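Trainee: Before we start, here is the structure in question, set down as structure tokens.
The values are calculated or read from the model by the stated rules, or taken from the named source; none is laboratory data. Since we're looking at a predicted model, the values are computed, not measured. As a convention, Cβ positions derive from the backbone with ideal geometry for all residues, glycine included, and neighbour counts pool all protein chains shown.
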Amino acid sequence: MSRKDRMSGNEAVAYAIRQVNPDVMPAFPITPSTEIPQMVSTYIANGEMDTEFIPVESEHSSMSATIGAEAAGARSMTATSSCGLAFMWEELLVAASNRLPLVLALVNRTLSGPININCDHSDGMGARDTGWIQIYAENNQEAYDNFIQAFPIAEDKRVHLPVMVCQDGFITSHAVENIEIEDDADVKDFVGEYHPEEFLLNPGKPVAVGPYAVSNYSMEAKYNQEQAMIRSKEVVKEIAVAFRDKFGRGFDLFEQYRMEDAEYVMLIMGSAAGTAKQAVDDLRNKGFAAGVLKLRLFRPFPAEEIAQALKGCKAVAIMDRCESYNGHGGPLASEVPAALYNAKVYTEAVSYVYGLAGRDFTVETAMGIFEELKEIAEGKRPVVQNKYVGLRSRGDQKG
């Protein structure tokens, strides 16, 4: 049975980790994810879980140790942020290509430089092509719920891929919210036991993990990995339905907020979705047909489903909390228009970059973007792609 509590996002994820009780957790501290391994190690010291915690000398080592433990047959996970994720880049691809169903709690923080410790999505988005499933949370409740669902998704025989559970640094990781948490027994029942079919420490059945792949086989391995990623979309939906049936909360690939008759839509991920929803409520009170499509699953990218959800609207603002430095826009600004084009959905798509390195994104700002969409759709304003939101004017800049 659910009970109400107050927790930060980091506390919520650490509490979920205690309930899942993985076999092994190597970790190295980095702001703003440091609290997660700190809290887990406290649970272990207090005898509340029997996970083997491995303090390592770097984030590269933490992912290497997680890979080794998972390959040996142990349910394994780690946590990191920002430059820590960048430091384990090489190992991210190894984990995915070896089809290891481990889990990473990523507390999103901007990548340097310039040096900054605040939130954006440049770390997770930078790892978008490493072969990991990526799930993003709007708030502390979703951070908790998403983590509980991560291992059943990763370990499904149709998938066997690592999962990155993402939440916004400081905005959710350190802010305290009212959430519902579940009984330990119910969480353990939902997650289940891990029984790998192939693993290194299986007597009498030797296997090779991560061998050199010659050209005659390597491309087939990559194709199989991609097929697993495609299949994972249905598994994510199935697990979401099972979670909703058991605990009464949740949604699947994305959330549609007041989308039933929306003419102008903001497509967004993470904590800023709450800001966008408030803007929609305020605009709806004025008779403005606004809506929000909050993307939960970024990898695999639900292209067909997004296109269908946006089919009836006049214009959509595509909101990227990172920059791709391609002269065109962020990751979503590339993938969403491609999805619309392939589905022959001819909705006006306008790309925006917001919230870099913790820049504020307010309800007033979101309402202004909706007003711009309306003017664009009515031909009163030219389309400006890759527009930076909240950028200081040249006159305000010094030096």
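Trainee: Would you be able to say whether some residue in segment 374-385 is of a type in the set (Asp, Glu) and free of Cβ contacts under 8 Å to residues at least 12 places away in the same chain?
Mentor: Yes, segment 374-385 contains a residue that is of a type in the set (Asp, Glu) and free of Cβ contacts under 8 Å to residues at least 12 places away in the same chain.
Yes or no, residue by residue, for (1) touching a Pro at 6+ places or on another chain (Cβ under 7 Å); (2) under 27 Å from residue 22 (Cβ atoms):
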position: 185; (1), (2): no, yes
position: 193; (1), (2): no, yes
position: 229; (1), (2): yes, yes
position: 241; (1), (2): no, yes
position: 253; (1), (2): yes, yes
position: 260; (1), (2): no, no
position: 266; (1), (2): no, no
position: 286; (1), (2): no, no
position: 290; (1), (2): no, no
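Trainee: Would you confirm whether or not segment 250-273 contains a residue that is of a type in the set (Gly, Ala, Ser) and surrounded by fewer than 16 Cβ atoms within 10 Å (Cβ to Cβ)?
Mentor: no
Trainee: Let me ask another. Would you tally the residues in segment 140-151 being within 14 Å of residue 236 (Cβ to Cβ) and surrounded by fewer than 21 Cβ atoms within 10 Å (Cβ to Cβ)?
Mentor: 0
Trainee: Here is a follow-up. Using beta carbons and a limit of 6 Å, which pairs, at least six apart or on different chains, have the first residue in segment 318-346 and farther than 19 Å from residue 305 by Cβ and the second one surrounded by 24 or more Cβ atoms within 10 Å (Cβ to Cβ) and of a type in the set (Asp, Glu)?
Mentor: 321/120; 322/120; 330/320
Trainee: Looking only at residues in segment 319-366 that are of a type outside the set (A, V, I, L, M, F, W, C) and part of a strand (DSSP E or B), which one is nearest to residue 169 (Cα to Cα)?
Mentor: Among those residues, the one meeting the criterion is 320.
Trainee: Only one residue in 61, 82 is under 19 Å from residue 23 (Cα atoms), at pLDDT 95 or above and of a type in the set (S, T, N, Q). Which one?
Mentor: Numbers: 82 fails: under 19 Å from residue 23 (Cα atoms).
On inspection, the qualifying residue turns out to be 61.
Trainee: Output yes when any residue across segment 14-36 is in contact with a strand residue (DSSP E or B) (Cβ under 7 Å, 6 or more places away or on another chain), more than 24 Å from residue 121 (Cα to Cα), small (Gly, Ala, Ser) and in the same structural domain as residue 147 (by TED's automatic domain parsing), and no when none is.
Mentor: No, segment 14-36 contains no residue that is in contact with a strand residue (DSSP E or B) (Cβ under 7 Å, 6 or more places away or on another chain), more than 24 Å from residue 121 (Cα to Cα), small (Gly, Ala, Ser) and in the same structural domain as residue 147 (by TED's automatic domain parsing).
Trainee: Another question, then. Is segment 72-82 home to any residue that is assigned by TED's automatic domain parsing to the domain that holds residue 104, assigned to a helix (DSSP H, G or I) and in contact with a helix residue (DSSP H, G or I) (Cβ under 9 Å, 6 or more places away or on another chain)?
Mentor: Within segment 72-82 (the criterion being assigned by TED's automatic domain parsing to the domain that holds residue 104, assigned to a helix (DSSP H, G or I) and in contact with a helix residue (DSSP H, G or I) (Cβ under 9 Å, 6 or more places away or on another chain)), the answer is yes, since at least one residue qualifies.
Trainee: If you go through segment 288-305 one residue at a time, do you hit one that is more than 29 Å from residue 181 (Cβ to Cβ), free of Cβ contacts under 8 Å to residues at least 40 places away in the same chain, touching a Lys or Arg at 6+ places or on another chain (Cβ under 7 Å) and not assigned by TED's automatic domain parsing to the domain that holds residue 185?
Mentor: Yes, segment 288-305 contains at least one residue that is more than 29 Å from residue 181 (Cβ to Cβ), free of Cβ contacts under 8 Å to residues at least 40 places away in the same chain, touching a Lys or Arg at 6+ places or on another chain (Cβ under 7 Å) and not assigned by TED's automatic domain parsing to the domain that holds residue 185.
Trainee: While we're here: Is there a residue being in contact (Cβ under 8 Å) with a residue 40 or more places away in the chain and in the same structural domain as residue 70 (by TED's automatic domain parsing) anywhere in segment 211-220?
Mentor: no
Trainee: Any chance you could count how many residues in segment 291-309 are over 22 Å from residue 154 (Cα atoms) and acidic (Asp, Glu)?
Mentor: Number satisfying all stated conditions: 1.
For (1) under 23 Å from residue 115 (Cβ atoms); (2) free of Cβ contacts under 8 Å to residues at least 12 places away in the same chain; (3) touching an Asp or Glu at 6+ places or on another chain (Cβ under 9 Å), each residue gets a yes or a no:
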| residue | (1), (2), (3) |
| --- | --- |
| 20 | no, no, no |
| 35 | yes, no, yes |
| 40 | no, no, no |
| 51 | no, no, yes |
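Trainee: I've got another one for you. Check every one of the strands (runs of 3 or more DSSP E) wholly within segment 203-307 and list those with 1 or more residues that are under 30 Å from residue 93 (Cα atoms) and over 20 Å from the mean Cα position of the chain (by Cα).
Mentor: Passing ranges: none, list empty.
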